[in-house]
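Engineer: The following block contains the structure, expressed as structure tokens.
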Amino acid sequence: MAKPVHVTDSTFDAEVLKSDIPVLFNHFLKKISQMKGKDVVTVSDEAMEILIDYPWPGNVRELKNLVERLVVLNESGKILAEDLPQNVRLRKA
């Protein structure tokens, strides 16, 4: 079972560790999906691998903003690698 994550505003300035990406991404995915009334519930393994490999120069704030964008634009309920912005797919900050 996943460990609960408590994210505060001060967390947004923290450096993102690769091991934190799945937990943070899924936390934001659940929270933002609920806020937006969307049923985006999963992310493909390929997309998650890309997210983990991306350097995240904008830290947690960049990750949260990306999740919000993905939720708003998603129509299938699953986030795929091709849904990610080109700079993230190419792993270029």
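Engineer: Residues to consider are D9, D45; find the one that is modelled with pLDDT of 95 or more and surrounded by fewer than 17 Cβ atoms within 10 Å (Cβ to Cβ).
Structural biologist: Criteria check complete, one pass: D45.
Engineer: Does N65 meet the test of being out of contact with any strand residue (DSSP E or B) (no Cβ under 6 Å at 6 or more places or on another chain), open to solvent by 70 Å² or more (accessible area, probe 1.4 Å) and more than 18 Å from K78 (Cβ to Cβ)? Quick ask: steps written out before the conclusion?
Structural biologist: On the way: out of contact with any strand residue (DSSP E or B) (no Cβ under 6 Å at 6 or more places or on another chain): yes; open to solvent by 70 Å² or more (accessible area, probe 1.4 Å): yes; more than 18 Å from K78 (Cβ to Cβ): yes.
Yes, satisfied.
Engineer: Check A2 against each of (1) of a type in the set (A, V, I, L, M, F, W, C); (2) modelled with pLDDT under 95; (3) open to solvent by less than 50 Å² (accessible area, probe 1.4 Å) and name the one condition it does not meet.
Structural biologist: (3)
Engineer: While we're on this one: Please verify whether P22 is out of contact with any helix residue (DSSP H, G or I) (no Cβ under 9 Å at 6 or more places or on another chain), surrounded by fewer than 17 Cβ atoms within 10 Å (Cβ to Cβ) and closer than 22 Å to L90 by Cβ, treating the condition exactly as stated.
Structural biologist: no
The values are calculated or read from the model by the stated rules, or taken from the named source; none is laboratory data. Note that the structure is predicted; figures quoted are calculated from it, not measured. Heads up, the Cβs are rebuilt from the backbone with ideal geometry, glycines too, and the neighbour counts pull from every protein chain shown. All accessible areas refer to the heavy atoms of the entire protein, side chains included, with ligands and DNA or RNA removed. Shrake-Rupley method; radii C 1.70, N 1.55, O 1.52, S 1.80 Å.
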